[in-house]
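One structure is given below, encoded as structure tokens.
Every number here is computed from the coordinates shown, using simple stated rules; none is lab data. As the structure is a prediction and not an experimental result, all values here were calculated from the model. Cβ placement follows ideal geometry from the backbone for every residue including glycine, while neighbour counts extend to all protein chains displayed.
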Amino acid sequence: MAEIRTVGVCGAGLMGNGIAQTCATAGLPVVLMEVAQTPLERGMGSIAKSLDTFVAKSKLSRSDADAIFARITPTTEVKKLKDCDLVIEAIVENAPTKIALFKQLDELLAPHAILCTNTSSLCVIELAAATQRPHRVAGLHFFNPVPIMKLVEVVKTIATTQDTIDELFAFGRKLGKEPILAQDTPGFIVNRLLVPYLLYAIRLYESGLASKEDIDKGMKLGCGYPMGPFELLDFVGLDTTYYIAQIMFDEFKDPMMAAPPLLKRMVLAGRYGRKSGKGFYDYA
């Protein structure tokens, strides 16, 4: 089984910079690529801030944090990824944009290199089919915040070979994660269960069953969840949840996966949750 020694990450946003930090923390050299200098600098700034937090909480020494940061090479040039054994795509959740990047990476990388997507909802085989190495393409779905959350879903398409899956499981464990195997269907395992739960919570609130505060309190104290559904919706992003729900409903036509009217209206109003300052709760 081949060992993954150098990692590329495409996209320096919330998930991309978290993946880059996690890989560098595991001792791996990382090339972090963005399309422009401003988002790249923003991503590197987020990593620096995150590492500072770990130092402040005595979970990392200052020298270790500096060494982790030094392992990450920021770039706006795709060609700098050419020597990577694994490239993880974490760009905008748009199939044509991802396909274009996968074609570019496929031509650039060595034949042994693995291509992965961090998509939470799109069809992985659609991306794999755009390459000449579909057997070396898989999903690698991390959870936010990546440096803290222990789970990673390894997503196997009908074309992914077992050796690729074995290498990704070994890689996930090297990062200190617990990998689980999922098949290539929208939502994979976690979102397939989580999204209908979140949507149903909105329906209960819409129907007047209880206040959002009491629904959140009920799930935290009654089920031991760290967040109630409305707190979690605001944390994940109402726009993200709405987008995933639409893709899952298109695939399965299950009414449980259809976005409630209230969710649609809140997204249209720009109430995305924490990132916009207002969702089900006010963060202003």
note = Least to most buried among T157, T6, T241, T53, by other C-beta atoms within 10 Å and fewest first, runs T53, T6, T157, T241
ask   = Which ordering of L108, L232, L86, L151 is given by a fewest-first count of other beta-carbon atoms within 10 Å?
value = L151, L108, L232, L86
FRET E, pair K264, E178, Förster distance 30 Å, beta-carbon r, rounded to 0.05 = 0.30
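Pull out the extension gain between T75 and S63, defined as 0.36 nm times the separation in residues minus the alpha carbon to alpha carbon distance; nm, one decimal. Could the numbers behind the result be given before it?
Numbers: separation 12, 0.36 × 12 = 4.32 nm, distance 2.37 nm.
Between T75 and S63, full extension yields an extra 2.0 nm.
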remark   = Listed by chain and number, the lysines with an alpha carbon less than 18 angstrom from that of K253, same-chain partners under 8 positions apart left out, are K264
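Given Cβ point charges of +1 (Lys, Arg) and -1 (Asp, Glu) and nothing else, what value in debye, to the nearest 20, does the dipole of segment 191-272 about its Cα centre take? If you can, show how the numbers build up before the last one.
Numbers: 9 positive and 10 negative charges, 17 e Å.
Taking the Cα centre of segment 191-272 as origin, the dipole is about 80 debye.
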inquiry  = A 30 angstrom limit on the alpha carbon distance is what I want to check against. Which of K59/K174; K156/K212; K150/K278 exceed it?
reply    = K156/K212
request  = Give the shape of segment 15-54 as rounded, prolate or oblate, defined through the alpha-carbon gyration tensor: a ≥ b ≥ c are the square roots of its eigenvalues, a/c under 1.5 means rounded, and otherwise the shape is prolate if a/b is larger than b/c and oblate if not.
outcome  = oblate
inquiry  = I'd like the Karplus ³J(HN,Hα) series for segment 219-233: coefficients 6.51, -1.76, 1.60, θ = phi - 60°, whole numbers in Hz, and an x wherever there's a Gly or Pro.
reply    = 6, 6, 7, x, 10, x, 6, x, 10, x, x, 6, 4, 5, 4
note = Amide H proximity to V152 below 5 Å, modelled H, separation 5+ or other chain, gives E178, I180
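Calculate for the chain the 222 nm mean residue ellipticity that helices alone would give, adding -39,500 (n - 2.57) per DSSP H run of length 4 or more and normalising by residue count, nearest 500 deg cm²/dmol. Kindly include the intermediate steps, with their values, before the conclusion.
Details: 11 runs with 133 residues, N = 284.
It lands at -14500 deg cm²/dmol.
Normalised by the number of residues in the chain, what is the relative contact order in percent for Cα pairs under 8 Å and 6+ residues apart? Don't jump to the answer; show the numbers that get you there.
Values: 493 pairs, mean separation 39.1, N = 284.
RCO, the chain: 14 percent.
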Under 15 Å from K98, Cα to Cα: aspartates and glutamates that are on another chain or at least 8 residues apart = E34, E89, D106, E107, E126
message = Charges on Cβ only, +1 for Lys and Arg, -1 for Asp and Glu, centred on the Cα centroid of the chain; of Q183, G273, T240, which one is farthest towards the dipole's positive end?
response = G273
request  = Would you order M1, M44 from fewest to most other beta-carbon atoms within 10 Å of each residue's own beta-carbon?
outcome  = M1, M44
query = For segment 1-79 and segment 210-248, what is the separation of their Cα centres, given in Å?
reply = 29
query = When DSSP assigns beta bridges and you keep just the ones with both residues in the chain, what percent turn out antiparallel, to the nearest 5?
reply = 20
request  = Return the long-range amide H neighbours of K278 (sequence gap of 5 or more, or a different chain), with a cut-off of under 5 Å between placed amide H atoms.
outcome  = Y272, G273, Y283
ask   = Percent relative contact order of segment 1-94, based on C-alpha pairs within less than 8 angstrom and at least six residues apart?
value = 44
inquiry  = Once you keep just the Cα pairs under 8 angstrom separated by 6 or more residues, what percentage relative contact order results for segment 191-272?
reply    = 33
